[in-house]
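Visitor: Structure incoming, see below.
The values are calculated or read from the model by the stated rules, or taken from the named source; none is laboratory data. Small disclaimer: the values here were computed from a predicted structure and weren't measured. As a convention, Cβ positions derive from the backbone with ideal geometry for all residues, glycine included, and neighbour counts pool all protein chains shown. Accessible surface areas use protein heavy atoms only, side chains included; no ligands, DNA or RNA. Shrake-Rupley method; radii C 1.70, N 1.55, O 1.52, S 1.80 Å.
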There are 4 protein chains.
Amino acid sequence: MNVGLVGVTGYSGSVLYELLLHHPEVDSVNLYGHAQSEIKSLESVLPQLRRRANILPYDPADIMKNNQMVFFATSAGVTTELAKPFIDKDFPVIDLAGDFRLKSRDVYKKWYKKDAPEMKYLEKSHYGLADFTSSKGVTYVSNPGCYATATILALAPLVKNHLIDPTSIVVDAKSGTSGAGKKLSELTHFSQTNENLQLYKVNQHQHIPEIVQQLKLWDNDVPYIQFTTTLLPLTRGIMASCYIKARPEITEEDVRKSFNQTYSADTFVNATEGVFPTLKQVVGTNFCDIGYQLNPVTHQIVVVSVIDNLLKGAAGQAIQNFNQMFEYEPGLGLDLIPTLP
Amino acid sequence: MNVGLVGVTGYSGSVLYELLLHHPEVDSVNLYGHAQSEIKSLESVLPQLRRRANILPYDPADIMKNNQMVFFATSAGVTTELAKPFIDKDFPVIDLAGDFRLKSRDVYKKWYKKDAPEMKYLEKSHYGLADFTSSKGVTYVSNPGCYATATILALAPLVKNHLIDPTSIVVDAKSGTSGAGKKLSELTHFSQTNENLQLYKVNQHQHIPEIVQQLKLWDNDVPYIQFTTTLLPLTRGIMASCYIKARPEITEEDVRKSFNQTYSADTFVNATEGVFPTLKQVVGTNFCDIGYQLNPVTHQIVVVSVIDNLLKGAAGQAIQNFNQMFEYEPGLGLDLIPTLP
Amino acid sequence: MNVGLVGVTGYSGSVLYELLLHHPEVDSVNLYGHAQSEIKSLESVLPQLRRRANILPYDPADIMKNNQMVFFATSAGVTTELAKPFIDKDFPVIDLAGDFRLKSRDVYKKWYKKDAPEMKYLEKSHYGLADFTSSKGVTYVSNPGCYATATILALAPLVKNHLIDPTSIVVDAKSGTSGAGKKLSELTHFSQTNENLQLYKVNQHQHIPEIVQQLKLWDNDVPYIQFTTTLLPLTRGIMASCYIKARPEITEEDVRKSFNQTYSADTFVNATEGVFPTLKQVVGTNFCDIGYQLNPVTHQIVVVSVIDNLLKGAAGQAIQNFNQMFEYEPGLGLDLIPTLP
Amino acid sequence: MNVGLVGVTGYSGSVLYELLLHHPEVDSVNLYGHAQSEIKSLESVLPQLRRRANILPYDPADIMKNNQMVFFATSAGVTTELAKPFIDKDFPVIDLAGDFRLKSRDVYKKWYKKDAPEMKYLEKSHYGLADFTSSKGVTYVSNPGCYATATILALAPLVKNHLIDPTSIVVDAKSGTSGAGKKLSELTHFSQTNENLQLYKVNQHQHIPEIVQQLKLWDNDVPYIQFTTTLLPLTRGIMASCYIKARPEITEEDVRKSFNQTYSADTFVNATEGVFPTLKQVVGTNFCDIGYQLNPVTHQIVVVSVIDNLLKGAAGQAIQNFNQMFEYEPGLGLDLIPTLP
């Protein structure tokens, strides 16, 4: 099978490209720019990849003609415009950007400060939370955000099973710098970031509505979450530390059951009671590791999840959705070598 | 004035030694080991300090004869035994360890897994939370723990003014490695710590009862806190991110007033609404910087405090207590040069 | 094919294990401890690998019966004893340790402060510098050291082609901490290593004689090298910065030719004139990237090589030797995904 | 005494400002911008400094009227123009930039790609290598560059005493990111810098002619140096690792003597035989620590020097020059607290 990839030059795009090149069912990957009119050599832009390939000018007809599906790894706001011809023709798309994640155009506008895609396009989008939904038969997959993935996977068992006070969810999320991408900024200037901790977008991160939207599908009583993001002096990975009041009658056994039932058959999510994961144990992999504990003193449940933001939080989950879309094994192309040490 | 220092070789001890050498009211600092019977040269143990001095064998009578007061910067459990002769003679001590912080011997035993000092000694101890109490006239100051300092300073205005649901306090504390001291451990092995996040002592950190003990003095309805510590790949500093439900009727104005009233006259604590501090802005200083915000959506108050764990969280606060004890200016010897960048 | 692996728990061993599990020609990997008498589960020792396997007690007969070859990833000094029965039976071994690298027992003793293997065993050993020699038909491969690999690959074209003053070789090598392994030490204590640079084993590193031994094979006039190692605050990777006086008549063209001729057909070594590699461009891969330049002012040649110490400097090169030994494609099992960013 | 400071907002400028505020002989520091026409509050630009002060518009007459001397901590090329009125009036200036360091206008043009100051101004400039020269009676001090300081101090004893082959000097210099300043660049983007090593300006660094110019004053036979700079994933500090061929007859004793004679009376330079300094032991201080060793095998001398680039390599040395200029004690205002750990 031939697949197209629009936007290889960003961090997620280049990681996705490598995964596709290693995927047993992918014969070739055709690269496209989204804002260029001439052919560029990949080596001139990303010599580190050591791959000989051309980045072709963006041309929807050409993409649809030469590929069975296309990935978009473009910046926020790009697919709102670019995806139209593909959706019009029901051509399979997996979109790593946030444009099509929110079902409400008003909510999108509020958090992204941009106009959302038109409703008729938005309706075709499937939120590809790969461990809970299937992209089989879907044509437009909106791949979840990195913080959203880590947080939703941590909270899912508790929310789905109504074990908690739905107004009590606190998430202290921590991220390395690669989530901020290649764009230079003071926040990610080495002398500023190193040996430092910096909060950003407190109460304003655009993944908040994405998380709440999903949690509401499981328990409509979840009105909001308290969500904070802190930038850490490391490159890869996200940790979501969650603190939630258990309902009074809930026991350790209830909590344990909820995690076991939810994840015991899951290929990529591992949940363990009383053992909290380190960030590094998932870096370089598509795993989401979760530790949880009901604190008997506070009756709060502490849930900590870790993911590699560029894999499980982006390109890896996109491959999960790709595997679902084309009915391959769930873990195909994702038996990755962890970064140890 | 001559001061004694027992335990110069640990991180807190050596930082304290430097502060004392720069303190305008200190004429000389005499160093003592707590487990040695011969004189050692400081240079042989800590050449980085570039100071010529001897570390004398431990001898209480000698310490009391040659100094007007003594600092203990020893590991947990040491002053429980060593402090007795000083307390018996009402000789001024500032103790940086945790032995005398908890008023209840049972609580101490439970969290420290050691026997607490005898009650008659414990009763003489003053918890030296320097921005809220005074060590004037005190002979035995128990200097607060680093996490406790960051957390209590963040929560004080809200707890004292009863603005919050006292059962809702969540603290996600983050620390660099220097808090773990010089002792080698897997947790702080570079290949393990670097590019990693590691939780430790979840729900079991010995600063939890210290924090609760202090909060209860302000609001006896605070039954517990939900408190987690994460080890970060950096050396200096602690950030305490606190999430607390505001009481329903509380407004932004109430929150702002509580912080302003509490800290507007404080030399070392700065609280700002809506601006969250970076860790590095306090490293190398004795400041505690705080940012806070009432989230109108969740009605939770986010409070984030940052300190240098070895200064405000240890040696710096010890100097504050020293200044109070001898009625010097509060900031004497603490006009430090920040680590910028 | 079944392969055995003795010593999976160290950093090189666990990386090698992952490579073997991903190698298309390896059917199964049997794990053996070298100092244990009972079966241990791999998960209990290395849960991060997420692999279900047993580490079997060390038993040469058993190893030879159940495998077609065996890798040793044990600490220095172990294979000196353990390898004997395998060599006696001409059973294929690839040894990642330093025991069999030096041809002279005296030199080994001087640098390793240990007794070398007996001469009759040593004679059977092949120094597996995979880009210059072939392990085809070899039974005992001694896999090169990490610093030795980086340095020899940087110098080879110049030494082989006699372009330089052989007494002028200066190597300033820089390494991350993973080369020092899992063993705790002050040098690799995070608070000590972070934001620091530390030289170690100046003029005394045991890879010095290994490098000189190889260079002498190409130019017996190389009497020694000036070699220094500096430990850096990062985990993976080695950079060898080499400075060598060009012979007076040597031109840029001569230098360029020597690198081109040596490496143009090499799968894993890339040499570029005037462009110096970053360390990170090889991390996670088996590549050795080299930049070189003849400085027209000093007439010194600057050559900088970078490798991932655990891959090209250990487990990756071991796979190269494995591929040679069994006549597989040179790059089989080594199409790895780089760590980007 | 009142001093002026032009350019407080850069890293060197803000460190210098702190040093001046702590200097016992400085009564007040007046701040000036070099490219602004209105008063700015320091707090709006550098809130981390917690200092209330105004940055005044640049006005030479005003500066000379209100201060006894002025520091320039501006970017390269600025003082070439701005210094003129001060030099015309013989008003004391200490200039931290590179504009006036090179005595040859041609050499300056070649390495800085800019026009040098006019000769009549350049002639008034004194190269303030504070451990070897005195700024007493001088009106225009050109403060040395950071790499130049580390390198020259390492080489001085050997060059002055003619112990080496003057054509054999190799310097492998390593630097943290703060030397690159506040300006955003790909090289210092955290995701790029972290876990990485990057060479830059190989054979082209503008401190090369500065070093050679000084070495030639001591031994005119030094024709050039081989000098390389590598950017490290840390913020503060420079290490210069130097490798130099000793003249054949030179002994360990000769080398030792040269360092002892040169530095035994120096306040800030410490040289030790056979013990190589760590970078961190000087961070936060004005010290230059040096380790050296004659390698008996290669007859090369290894000399490694470390400095804090913003202190000894910039603001600290500027204070040394200030102390010389006004005949204060050499170490006045420089008894700094090291960053330990």
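Visitor: Which shape class applies to the stretch C:201-279: rounded if a/c is under 1.5, otherwise prolate when a/b exceeds b/c and oblate if not, where a ≥ b ≥ c are the square roots of the Cα gyration tensor eigenvalues?
Guide: Here the stretch C:201-279 falls in the oblate category.
Visitor: If a/c stays under 1.5 just call it rounded; otherwise compare a/b with b/c (prolate if a/b is bigger, oblate if not). Do that for chain D, with a ≥ b ≥ c from the square roots of the Cα gyration tensor eigenvalues.
Guide: Prolate.
Visitor: Something else about it: Short version: ³J(HN,Hα) in whole Hz for each residue of the stretch C:234-242, in order, from phi by Karplus 6.51 cos²θ - 1.76 cosθ + 1.60 (θ = phi - 60°), x for Gly and Pro, what are they?
Guide: Computed from phi, the couplings for the stretch C:234-242 are 7, 8, 10, x, 10, 10, 10, 9, 10 Hz.
Visitor: A further question on this structure: On the principal axes of its Cα set, how long, how wide and how thick is the stretch C:130-199? Give whole Å, largest value first.
Guide: Projected onto the principal axes, the Cα atoms of the stretch C:130-199 cover 45, 36, 15 Å.
Visitor: Here's a follow-up. Would you please name the GluC sites (Glu not before Pro) within the stretch B:94-192 that are DSSP coil residues with at most 16 other C-beta atoms within 10 Å of their C-beta?
Guide: B:Glu118, B:Glu123
Visitor: For each pair in C:Lys110/D:Lys257; D:Lys110/D:Lys183; C:Lys245/D:Lys201; D:Lys113/D:Lys160, compute the distance between the two Cα atoms and list the pairs where it is over 26 Å.
Guide: From C:Lys110/D:Lys257; D:Lys110/D:Lys183; C:Lys245/D:Lys201; D:Lys113/D:Lys160, over 26 Å: C:Lys110/D:Lys257; D:Lys113/D:Lys160.
Visitor: Once both labels are modelled 7 Å past Cα along the beta-carbon direction, what's the C:Gln261-D:Asp335 spacing in nm?
Guide: 6.6 nm
Visitor: Still on this model: Only protein chains counted, 1.4 angstrom probe. Which residues of the stretch D:210-233 are at least 40 Å² less accessible in the assembly than when their chain is isolated?
Guide: Residues shielded by partner chains are D:Tyr224, D:Gln226, D:Pro233.
Visitor: Given label points at 7 Å from Cα along Cα→Cβ, what nm distances, shortest first, separate D:Lys216 from the same residue in every other copy?
Guide: Distances to the matching label points in the other copies: 4.2, 7.4, 7.7 nm.
Visitor: Enter the per residue convex hull volume of the protein assembly as shown, computed from alpha-carbon coordinates, in Å³ rounded to the nearest integer.
Guide: In the protein assembly as shown, the Cα hull volume divided by residue count equals 185 Å³.
Visitor: Search the structure for amide H atoms under 5 Å from the amide H of D:Lys182, placed 1.01 Å from N in the peptide plane, and list their residues when 5 or more places away or on another chain.
Guide: Under 5 Å from the amide H of D:Lys182 lie the amide H atoms of D:Tyr11, each far enough along the sequence or on another chain.
Visitor: Partner chain Cβ atoms within 10 Å, averaged over the residues of D:288-299 - can you pull that number for me?
Guide: Mean shielding by partner chains, rounded to a whole number: 3.
Visitor: Another one. Could you tell me what percent of the DSSP beta bridges with both partners in the protein assembly as shown are antiparallel, to the nearest 5?
Guide: Bridges in the protein assembly as shown are about 45 percent antiparallel.
Visitor: What size of dipole, in debye to the nearest 20, comes out for the stretch B:147-308 about its Cα centre when the only charges are +1 on Lys and Arg C-beta atoms and -1 on Asp and Glu C-beta atoms?
Guide: Dipole magnitude for the stretch B:147-308 comes out near 420 debye.
Visitor: Which value, in Å², gives the accessible area per residue of the stretch B:147-308 when a 1.4 Å probe is used on the protein heavy atoms?
Guide: 29 Å²
Visitor: Using modelled backbone amide H atoms (1.01 Å from N, in-plane), which distant-in-sequence or interchain residues come within less than 5 Å of A:Phe227's amide H?
Guide: Sorted by chain and number, the residues that satisfy this are A:Val171, A:Asn203.
Visitor: So in the stretch A:27-169, what percent of DSSP beta bridges are antiparallel if you round to the nearest 5?
Guide: Among the beta bridges of the stretch A:27-169, antiparallel pairing accounts for roughly 15 percent.
Visitor: Within 10 Å of each Cβ in D:255-267, how many Cβ atoms from other chains are there, averaged over the peptide?
Guide: Taking the mean over all residues of the peptide, I get 0.
Visitor: How high is the relative contact order of the stretch A:13-80, in percent, with contacts defined as C-alpha pairs under 8 Å that are six or more residues apart?
Guide: 28 percent
Visitor: Using the alpha-carbon centroid of each, what span in Å lies between the stretch B:265-299 and the stretch D:1-42?
Guide: The distance from the Cα centre of the stretch B:265-299 to that of the stretch D:1-42 comes to 26 Å.
Visitor: On to the next question. Shortest first, in nm, what separates the label point of C:Asp59 from those of the same position in the other copies (7 Å along Cα→Cβ)?
Guide: The answer, with the shortest distance listed first, is 6.5, 6.7, 9.3 nm.
Visitor: Here's something else I'd like to know. Nothing charged except the Cβ atoms of Lys and Arg (+1) and of Asp and Glu (-1): what's the magnitude of the dipole of chain D about its Cα centre? Round to the nearest 20 debye.
Guide: It comes to approximately 680 debye.
Visitor: I would also like to ask the following. Computed on protein heavy atoms with a 1.4 Å probe, what is the summed buried accessible area for the chain pair A and C, in Å² to the nearest 100?
Guide: Counting both chains, the buried surface is close to 2200 Å².
Visitor: For chain D, calculate the relative contact order in percent as a whole number, restricting contacts to Cα pairs under 8 Å that are 6 or more residues apart.
Guide: Taking the mean separation of contacting Cα pairs over the length of chain D, I get 18 percent.
Visitor: What does the structure give for B:160-173 when I average, per residue, the other chain Cβ atoms found within 10 Å of the residue Cβ?
Guide: Other-chain Cβ atoms within 10 Å of each residue's Cβ, averaged: 3.
Visitor: Which of these, D:Gln48, D:Gln320, D:Gln226, has the largest mean-square fluctuation under a Gaussian network model of chain D (Cα springs below 10 Å)?
Guide: Highest fluctuation of the listed residues: D:Gln48.
Visitor: If you take every DSSP beta bridge fully contained in chain C, what fraction is antiparallel? Give it as a percent rounded to 5.
Guide: 45 percent
Visitor: May I ask which residue of C:Phe86, C:Phe72, C:Tyr58 lies farthest towards the positive end of the charge dipole of the stretch C:38-86, with charges of +1 (Lys, Arg) and -1 (Asp, Glu) on Cβ and the Cα centre as origin?
Guide: The listed residue farthest towards the positive side: C:Phe72.
Visitor: Here is a further query. Taking chain D as a Gaussian network, where each spring joins two C-alpha atoms under 10 Å apart, which residue of D:Ile94, D:Ile290, D:Ile164 fluctuates the most?
Guide: D:Ile164
Visitor: Going through the stretch D:193-279, which GluC sites (Glu not before Pro) have at most 10 other Cβ atoms within 10 Å and a DSSP loop state?
Guide: In loop regions of the stretch D:193-279 (DSSP not H, G, I, E or B), the sparsely surrounded GluC sites (Glu not before Pro) are D:Glu249.
Visitor: Grab the other residues whose beta carbon is less than 14 angstrom from that of A:Gln192, score K and R as +1, D and E as -1, and report the net.
Guide: Once positives and negatives cancel, what remains is +2.
Visitor: With θ set to phi - 60°, apply the Karplus curve 6.51 cos²θ - 1.76 cosθ + 1.60 along the stretch A:185-197 and write out the HN-Hα couplings as whole Hz, x wherever there is a Gly or Pro.
Guide: In residue order, the calculated couplings are 7, 4, 4, 10, 6, 3, 4, 8, 7, 4, 6, 9, 10 Hz.
Visitor: Of the candidates D:His34, D:His189, D:His207, which one comes out as most mobile in a Gaussian network treatment of chain D with C-alpha springs shorter than 10 Å?
Guide: D:His189
Visitor: Turning to a different aspect of this structure: Return a whole-number percent for the relative contact order of the stretch C:147-309, with Cα pairs under 8 Å and 6 or more residues apart as the contact set.
Guide: 31 percent
Visitor: Considering only DSSP states other than H, G, I, E and B, which trypsin sites (Lys or Arg not before Pro) in the stretch B:50-109 qualify as loop sites with at most 10 other Cβ atoms within 10 Å?
Guide: B:Arg52
Visitor: Follow-up question, since we're still on this one. Just check the stretch D:135-174 against the gyration tensor rule for me: Cα atoms, a ≥ b ≥ c as the square roots of the eigenvalues, rounded for a/c under 1.5, and otherwise prolate or oblate depending on whether a/b exceeds b/c.
Guide: oblate
Visitor: Ok, one more. Roll a 1.4 angstrom probe over the protein heavy atoms and tell me the percent of accessible area of the stretch C:147-309 that is carbon or sulfur.
Guide: Answer for the stretch C:147-309 is 50 percent, counting heavy atoms of protein chains only.
Visitor: Assume the label is 7 Å from Cα along Cα to beta carbon: what separations in nm does C:Arg247 have to the matching positions in the other copies?
Guide: Counterpart label points of C:Arg247 in the remaining copies fall at 2.9, 8.6, 9.0 nm.
Visitor: Hey, another quick one. Identify the residue of chain D whose Cβ lies closest to the rotation axis that maps chain D onto chain C, and give that distance in whole Å.
Guide: Of all Cβ atoms in D, the one closest to the rotation axis yields D:Asp172, 2.
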